[in-house]
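The values are calculated or read from the model by the stated rules, or taken from the named source; none is laboratory data. Everything numeric in this text was worked out from a predicted model, so none of it was measured. Neighbour counts run over all protein chains shown; Cβ positions are idealised from the backbone, glycine included.
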Amino acid sequence: MSHFAYFVSSHGLGHAARASAVIAAIRRLRPESRFTLFTTVPAWFFADSLGFDVTIEPVDADLGMVQTDALTEDLPATLRELERRVPFRDAEVDALARRVHGADAVVCDVAPLGIAVARRAGAPSLLVENFTWDWIYRGYLDDCPELAPIADELERVFALADVRVQAEPVCAPRPDAVRVPPIARTPRRGRDDVRRRLGVPADAPLVMITMGGVDWGYDALAAELSRGDDPWLVIPGSRRRERRGRVIRLPHRSDFYHPDLIHAADAVVGKLGYSTLAEIWSAGVPLAYLTRPRFPESPTLEAWARRELACRRLAPADLGTGAWLDAVRELLASPRRPPALTNGAPDVARAAIANLRPIPERRS
């Protein structure tokens, strides 16, 4: 039985979604595999995404960025937290190395602490990324030069990974990395089944609105619906479940699987984040998106989206006016692209299995 220790960034839910896709792919190739996840992402997210048991160790494996809302970073708070954490404390690394003792491999989704732990434990490590935090932090040096030594230290740690996998869209391509297509979770239910369960007519336009698991005020969006041909809205990530007219709100955890909702929709409105973009690309659904203006990843994601999807850019202020709805109507009238035929998760799974600790030969 292969045992994978998996360190997952809890910066939003996108890294956990990507990790879930990889874990599911490993399980399909190696059904006997077991997984211990080191993260503060809620256990329910993995339970819903995977459908089989994994062990969750509640470890704050990665800070990422402190944010004030879904689109805005707090640099002073980020710096304070990073100065408290980086360089990693020997006692913390030693304690975690004891907890991963016996693991056949350590996989890290943009969580550098896991690489340091794997090195200390003598276990092979695999890094999955489309950016690394040292690269992100260097994008803020004009405003916060104090981030430079932290970026230098994390760059050193990331370089210790035995295998590096970069998933499209890649922010800083490296010649020594394994390059794979976007990594996305796969849907479980058909479009008609999902719409029936939502109470949405099969032929009605349906728009999904998501901010990647971060709370957001959506009341102004619903207020804009007035025409008889306006779309239905499904909004996962709300604080409660309710339906008012053509607006369906779902809590963060509901009995609707997020990829199923994307595949059942005719368009998506949301924050331009990796996991959302990958799953929209997988479904072939058009996207009206908001970017995080200062986040260095955003230009890469936006350029890739414009090349690969039918999409329109929104300003945050558009969500309080009818501008978002005009963009959505335009997208709904455009031809829908076919779903993607590739997914990077099986490629990462094969790389992770190839990176397992060698099994000692038995003596005769």
key: Subset tally (residues that are of a type in the set (A, V, I, L, M) and more than 16 Å from P112 (Cα to Cα)) for the range 148-176   = 4
task = Filter the range 137-179 for residues that are in a strand (DSSP E or B) and closer than 18 Å to G273 by Cβ and give the result.
result = Q166, A167
query = For the range 263-284, how many residues are over 13 Å from M211 (Cα atoms), buried (at least 24 other Cβ atoms within 10 Å of the Cβ) and in contact with a strand residue (DSSP E or B) (Cβ under 7 Å, 6 or more places away or on another chain)?
reply = 4
message = Contact list please: Cβ distance under 7 Å, first residue in the range 333-354 and touching a residue at least 24 places away in the same chain (Cβ under 8 Å) and of a type in the set (V, I, T), second residue crowded, with 18+ Cβ neighbours inside 10 Å and assigned to a loop (DSSP other than H, G, I, E, B), pairs at least six apart or on different chains.
response = T342/P181; V348/I183
note = Within the range 98-114, the count of residues that are touching a residue at least 40 places away in the same chain (Cβ under 8 Å), surrounded by fewer than 24 Cβ atoms within 10 Å (Cβ to Cβ) and assigned to a helix (DSSP H, G or I) comes to 1
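Consider H258 carefully, then state whether it is surrounded by fewer than 18 Cβ atoms within 10 Å (Cβ to Cβ) and either within 22 Å of A47 (Cα to Cα) or at pLDDT 95 or above (or both). Give the derivation first.
Details: surrounded by fewer than 18 Cβ atoms within 10 Å (Cβ to Cβ): no; either within 22 Å of A47 (Cα to Cα) or at pLDDT 95 or above (or both): yes.
Answer is no for this residue.
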query = How about the range 104-132: which of its residues are among the aliphatic types (A, V, I, L, M) and either modelled with pLDDT under 95 or in contact with a helix residue (DSSP H, G or I) (Cβ under 7 Å, 6 or more places away or on another chain) (or both)?
reply = A105, V106, V107, V110, I115, A116, V117, A121, L126, L127, V128
remark   = Going through (1) aliphatic (A, V, I, L, M); (2) buried (at least 19 other Cβ atoms within 10 Å of the Cβ); (3) within 25 Å of the chain's Cα centre (by Cα) one by one, V66 fails only at (2)
inquiry  = List pairs: first residue in the range 85-97 and within 10 Å of A116 (Cβ to Cβ) and assigned by TED's automatic domain parsing to the domain that holds V107, second residue surrounded by 13 or more Cβ atoms within 10 Å (Cβ to Cβ) and small (G, A, S) anywhere in the structure, Cβ distance under 6 angstrom, at least six positions apart or on different chains.
reply    = F88/A116; V93/A116; A97/A121
request  = Any chance you could count how many residues in the range 41-61 are more than 14 Å from the chain's Cα centre (by Cα) and either under 24 Å from F158 (Cα atoms) or among the acidic types (D, E) (or both)?
outcome  = 8
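Just the residues that are of a type outside the set (A, V, I, L, M) and without any contact (Cβ under 8 Å) to a residue 40 or more places away in the chain, please, taken from the range 46-75.
Kept after step one, since they are of a type outside the set (A, V, I, L, M), are these residues of the range 46-75: 46, 48-49, 51-53, 55, 57-58, 60, 62, 64, 67-69, 72-74.
Within the range 46-75, F46, G51, F52, D53, T55, P58, T68, D74 qualify.
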